[in-house]
1. Compute the FRET efficiency between Val41 and Ile85 as 1/(1 + (r/R0)^6), taking r as their Cβ-Cβ distance and R0 = 35 Å, and round to the nearest 0.05.
2. Pick out, in residue order, every one of the trypsin sites (Lys or Arg not before Pro) in region 229-327 that is DSSP loop and has at most 14 other C-beta atoms within 10 Å; say none if there are none.
3. Through the Karplus equation 6.51 cos²θ - 1.76 cosθ + 1.60, θ set to phi - 60°, convert the phi angles of region 82-91 into ³J(HN,Hα) values in whole Hz; use x for Gly and Pro.
4. Between Leu202 and Val169, what is the spin-label point distance in nm, taking each point 7 Å from the Cα along the Cα→C-beta axis?
5. Say the cut-off is 24 Å between C-alpha atoms; which of Lys497/Lys644; Lys543/Lys640; Lys450/Lys649 go over it?
6. Among 81-88, 163-170, how do they line up by average Cβ neighbours within 10 Å per residue, starting with the highest?
7. Please give the length that would be gained between Arg367 and Thr220 if that part of the chain were fully extended, namely 0.36 nm times their separation in residues minus their C-alpha to C-alpha distance (nm, one decimal).
8. Rounded to whole Å, give me the distance from the Cα center of region 44-81 to that of region 162-202.
Amino acid sequence: MQRMSQFQIFAMSFREAVLALLPFMFLRSLWIVFYIFNQQVGILDMETADTLSRMFDLSFPPLLAMSLASHLALGFSYERVHATILTVLLFFKFSGFVRLGEQGLELSDKFVLPQAIAIPIFVCFMYVLLNKYLRITIDPKGVLNRSLTRNVDATLPYIIIYIVAVLLVPKLHLITFSPFVEWVASLPLQLQAFSYTLFIHLFWITGIHGAAAFYTFFDTQFVSDIYVSNIPFTNFFDLFVVYGGAGSTWSLIFALLLFSRNSHGRAVAKISIPFAVMNINEILLFGLPVIYNPALAIPFVIVPLLNHILAFAFLSLIPVEIINEPISWVTPILMNSWLITGGDVIAVFLQIALISLGVAIYRPFIRYFEDRSNEGMRDTLMRKLRLNSNVLSSSDVLLNEAQLKFDKKLDKVNTHMKRLIEGELVLFYQPQYNLKTGHLIGMEALLRLKTGDHFYGPSFLNDFNDAGLSLPIDRWVLDQLSFDLKDWKERGILTHKVSMNITVDALLDSDYITLFITHLKGLPVVVEVTESSYIKNQREAQKAINRLRKEGFSVAIDDFGSGYSSLSMLASLSADFVKLDRQFLENTSSESGQVLYRHISQALEEMHYTVIAEGVENDTEISLVLACNIDIAQGYFYHKALSKSDIEKLF
């Protein structure tokens with residue numbers, strides 16, 4: 001199975017970091033609207049309003065640095081708090097954001113977004129190197145408190161990263177882009193203007209404010225020059241290149257409303273409309289998102305470039321004159337061209353034509369993005385399973401990794417998700433019987449999918465396990481089993497052990513194990529762990545198993561013999577039950593198969609395991625199981641899996 005590349009981890013982490021800033025961007029956009037309104041009505045004095053505007057502008061870089069550090073740390077398995085604190089420390093020290101002035105420390109208006117991105121990347125990149133080549137722990141035997149060990153172990157890389165930064169930053173002045181900047185400034189006006197359109201959109205798709213970045217790094221004297229007809233470039237750009245904001249926001253909004261099959265995309269488009277009216281597009285860029293999303297970043301750059309070329313060519317042939325004073329950049333689309341040209345319908349027609357062309361260009365990319373993304377269905381599924389934000393955040397990396405690693409299986413996973421959304425998950429229970437007494441002694445909880453009046457086995461589980469999506473399903477089963485058992489206990493009918501299978505992802509997730517103990521402690525629960533999950537992760541799996549047994553839970557090794565059997569494993573395994581997979585019974589039609597079944601069951605008995613025969617279906621098989629002195633059996637010979645109400649009748 002191919003692991004997610006470092007670049008893919010970075011891309012997904014950056015995307016999640018940007019999304020985490022959406023509430024701030026929404027608030028900032030609301031403030032811009034209020035600020036414009038306040039200029040007309042004077043609710044706040046302008047000095048106070050300007051101060052608050054400056055606060056919003058200055059807050060974004062450190063917030064971006066912190067969010068990016070936190071999400072990169074999650075992606076690269078670094079301590080999120082340590083990464084964030086170290087990033088903030090380095091950001092304040094090296095970015096120039098805080099400087100010493102005449103009145104003491106003060107915030108600078110210096111453009112520091114590149115530093116806000118580069119510093120958390122540097123911190124996590126250094127951690128990856130140190131984790132690979134210099135892994136030191138104060139407690140190699142695992143004796144100390146885990147939290148203490150984790151935080152003390154972080155101290156050495158913390159110090160090393162800081163020292164490297166102190167030594168490296170003074171050398172950065174040797175890196176200069178001056179030759180490239182000077183070359184761009186030497187280009188003819190048209191090429192400088194075209195490079196402006198290109199570069200600001202390239203900056204935007206990396207999360208950096210495009211215009212602010214360009215004005216910081218490049219010569220911008222050309223923006224006030226007459227560009228085509230009698231139109232200065234800055235007016236040409238606002239009127240005919242970008243609509244509603246960078247990337248020609250209105251084209252994207254209309255494309256989403258007309259062609260998106262994803263409720264998430266349409267909802268973001270609708271929310272963005274009142275802001276796009278005033279040419280504010282951060283809600284769409286961060287909420288959809290467009291930033292660091294290759295599927296939408298391509299048309300985000302292509303559409304304004306094409307607008308630029310076509311508008312320049314059109315206006316060179318059919319001039320449009322500006323006859324009024326320049327208007328504010330927040331003037332709505334169509335109205336701005338009408339007002340500035342004194343009602344020239346040609347200018348309005350050109351805007352409409354270019355917006356329509358942009359819609360056509362965005363359409364296939366939106367379809368591609370939605371076909372390749374299971375995020376919308378994932379969110380719907382999570383709500384349907386009633387999972388809280390802790391589960392969502394803990395599984396974010398797995399979900400993002402699944403989307404990238406399993407391109408070939410993505411359609412299949414999406415189909416499963418659609419069926420889960422349309423159907424309903426329920427728990428069934430298959431009885432287990434004592435072979436010597438014939439009495440019902442327990443049952444195994446089994447997942448079923450209800451569609452209409454029919455129930456189906458969980459065929460989606462294998463694909464979900466492969467895609468790293470099993471943990472949310474485990475959480476749903478835990479919640480439902482807890483509800484059923486407590487209901488039976490209150491009614492006085494909980495007299496049998498109930499087995500529950502948990503996946504390897506759940507077994508190795510300490511938060512899930514804690515939740516499992518909290519929900520089910522004191523109840524007669526047997527935890528079933530597949531042998532494959534134990535063999536692949538023996539140390540961590542055994543640690544989790546020991547913790548569960550210490551809390552009073554019995555443990556069973558499920559599906560023993562299904563393909564990963566290791567008899568040597570049983571000598572060191574701390575478990576109570578071993579469930580022999582039906583695969584063994586299917587081979588007992590031959591004498592050698594019967595010998596194998598008999599000797600394995602005998603060996604397990606002598607090792608003091610309670611053996612459970614799975615999949616017993618007929619008289620011949622039950623006779624063999626009895627002859628092997630096996631204690632417990634389950635299968636169609638007794639009962640198929642039963643609904644909650646049907647199993648209660650057996651009690």
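1. Rounded to the nearest 0.05, the efficiency is 0.25.
2. Arg261
3. So the J values, rounded to whole Hz, are 4, 4, 5, 4, 5, 4, 4, 4, 5, 4.
4. Between Leu202 and Val169, the simple spin-label model gives 2.7 nm.
5. Correct reply: Lys543/Lys640.
6. Top of the packing list down: 81-88, 163-170.
7. 49.2 nm
8. 24 Å
The values are calculated or read from the model by the stated rules, or taken from the named source; none is laboratory data. Here the structure is a predicted model, which is why all the values come from computation and not from measurement. A quick note on method: Cβ atoms are made from the backbone with ideal geometry, for glycine too, and the neighbour counts reach across all protein chains shown. These accessible areas exclude ligands, DNA and RNA; they are computed on the full protein's heavy atoms, side chains included. Shrake-Rupley method; radii C 1.70, N 1.55, O 1.52, S 1.80 Å.
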